[in-house]
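Participant: Here it is: the structure, laid out below.
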Amino acid sequence: MSKQMDKYKLSLAGEYRVCSELLRRGLLASVVVGNQKSTDIHIVTSDGRVIVIEVKTTTSNKFLTKFFQKFETENKGHPDFWVLCRLNEGGDEFFILSHREMAIAQAKRNGLQDDFIWEEAYETFRKGVDSVLKQHVACHIDSWNKIVEAVTVN
């Protein structure tokens, strides 16, 4: 993959790559298209629920999340899951986190503890540009079962 690939194409490549992995696992997943979208992938469950997935793609070890710039409170509309997709010639890597797990990973990256106060984190970091490194999410590699279980639970 070219290091010069523009961000839009890189994002699309990651979204379709993640969607492919979800479909391989028997989930009815589809990429949300458009340039004004707020989510990347939807999964429709057999009982009609919609699982929302945010995909962040990189070719490096750094994932740009903009987490505390987007989510002012813990209950503000948010994705159910985050899939961080690292596209690389040695083999693609996927890190699957619930929204809460992503919040904790981002808080740790920002120097906070697990029991951080959400609104304080937002106020402190809202003017920055949040990111996490591969090392912050390494324990979530290939945790597709989190999504599979969320879809199959009635």
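A short reminder: the numbers here are calculations on the coordinates, not readings from a lab. Values in this document were obtained by computation on a predicted structure and should not be read as measured data. Cβ atoms come from the backbone with ideal geometry, glycine included; neighbour counts cover every protein chain shown.
Participant: Among all lysine pairs in region 74-154 that are eight or more places apart or on different chains, how many have alpha carbons less than 21 angstrom apart?
Facilitator: So the count works out to 5.
Participant: Further question: Given L22, I147, V50, which one lies farthest toward the positive end of the charge dipole of the chain, if we put +1 on the Cβ of every Lys and Arg and -1 on the Cβ of every Asp and Glu?
Facilitator: Of the candidates, L22 comes out farthest on the positive side.
Participant: Roughly how many Å is it from the Cα centre of region 65-119 to that of region 6-50, as a whole number?
Facilitator: Using only Cα atoms, the two centres lie 17 Å from each other.
Participant: Further question: 5 Å is the cut-off here: which amide hydrogens, built 1.01 Å from N in the peptide plane, fall below it relative to S143, excluding neighbours closer than 5 in sequence?
Facilitator: Amide H neighbours of S143, under 5 Å, 5+ apart: I96.
Participant: Over the chain, with a Gaussian network built from C-alpha contacts below 10 Å, which listed residue (I53, I96, I43) shows the highest mean-square fluctuation?
Facilitator: I43
Participant: Please state the relative contact order of the chain as a whole percent: Cα pairs under 8 Å, 6+ residues apart?
Facilitator: That works out to 23 percent.
Participant: If you don't mind, there's one more thing I want to ask. So between K76 and T39, what do we pick up on full extension, going 0.36 nm a residue minus the alpha carbon distance?
Facilitator: Full extension from K76 to T39 adds 11.9 nm.
Participant: OK, next. With θ set to phi - 60°, apply the Karplus curve 6.51 cos²θ - 1.76 cosθ + 1.60 along region 135-148 and write out the HN-Hα couplings as whole Hz, x wherever there is a Gly or Pro.
Facilitator: 4, 6, 10, 4, 5, 9, 5, 6, 8, 4, 4, 4, 6, 4
Participant: Hey, could you pull the Cα Rg and Dmax for region 35-78, both in Å?
Facilitator: For region 35-78, the Cα radius of gyration and maximum Cα-Cα distance read 13.1, 38 Å.
Participant: Could you tell me the extents of the chain's C-alpha atoms along the three principal axes, largest first, rounded to whole Å?
Facilitator: Extents along the principal axes, in whole Å: 42, 40, 32.
Participant: Moving to a separate point now. If you stretched the chain out fully between K62 and Q135, how much longer would it get, using 0.36 nm times the residue separation minus the C-alpha to C-alpha distance?
Facilitator: Contour length minus Cα-Cα distance gives 25.4 nm.
Participant: Treating only the Cβ of Lys, Arg, Asp and Glu as charged (+1, +1, -1, -1), what charge dipole size does region 7-152 show about its Cα centre? Round to the nearest 20 debye.
Facilitator: Dipole of region 7-152, to the nearest 20 debye: 500 debye.
Participant: Run the helix sum for the chain: -39,500 (n - 2.57) per DSSP H stretch of 4+ residues, divided by residue count, reported at 222 nm to the nearest 500 deg cm²/dmol.
Facilitator: Mean residue ellipticity at 222 nm (helix-derived): -9500 deg cm²/dmol.
Participant: With label points built 7 Å along Cα→Cβ from the Cα atoms of E149 and R24, find their separation and express it in nm.
Facilitator: About 2.1 nm separates the two model spin labels.
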